[in-house]
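Read-outs: derived from the displayed coordinates by stated rules, not from any lab. Just so you know, these numbers come straight off a predicted model, no measurement behind them. Glycine gets a Cβ as well: all are built from the backbone with ideal geometry, and neighbour counts include every protein chain shown.
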């Protein structure tokens, strides 16, 4: 048997340097700026992306419209944003009864606390209504700063989706949210011309079918400005354990 002439410590150092060089060349980091979440390593990035995609799959049977960052990721690559930490959806007010009828079974606050753990549960100020199955937990969100109506957590890595309600009002679509510590709803966190939203069209997010605003680009320009629609961000996807240029 031919033995290597390289000493064990030298071999270890060589392998470390080799792996570092491969990582730098094959796994470029995401760009960072004030709007985005910062760098994700290939190791945690894979779990991050898979968790968001899995959550989108869990929500596929509900009458939801990709919104905010999820609509932006769909516009780039029909996928979740690699640097995002949640999903965003709209819910047409006339579909809210269907949405609630499609929820998992109601659970008690005690059960919700047991499922979610103390740290996560204590963030839910003023929340008393929960739904859950073995994959997700939904709750009615009355946290004023969130400006949403519902939130859904997936039960593996606890990534979440925010859900806001879309209302039609005077040829516009406006969203609503609860005022703090009350049952009073305030309108107007977001507002767009109805012609930008309707008629909804079929779209695909993370290999999952949803219905999207008919004029997505106008909605996104209104929400984020021209800079966010730069094609430079469209290049980045998480593929084969690495950040890579997709185009």
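A few points about this structure:
- With the highest mean first, a sort of the peptides 53-62, 196-205, 100-109 on other beta-carbon atoms found within 10 angstrom per residue produces 53-62, 196-205, 100-109.
- Packing-based ranking, highest mean first, of 75-81, 212-218 given that Cβ atoms within 10 Å are counted: 75-81, 212-218
- Extension reserve of the residue 158-residue 111 stretch, reckoned as 0.36 nm per residue once the Cα distance is removed: 15.3 nm
- Note on residue 54 and residue 170: the model spin-label points, each 7 Å out from Cα along the C-beta direction, lie 4.6 nm apart.
- Projected onto their three principal axes, the Cα atoms of segment 49-134 cover extents of 41, 31, 23 Å, largest first.
- Distance between modelled label sites at residue 230 and residue 209, nm, 7 Å Cα→Cβ extension: 3.7 nm
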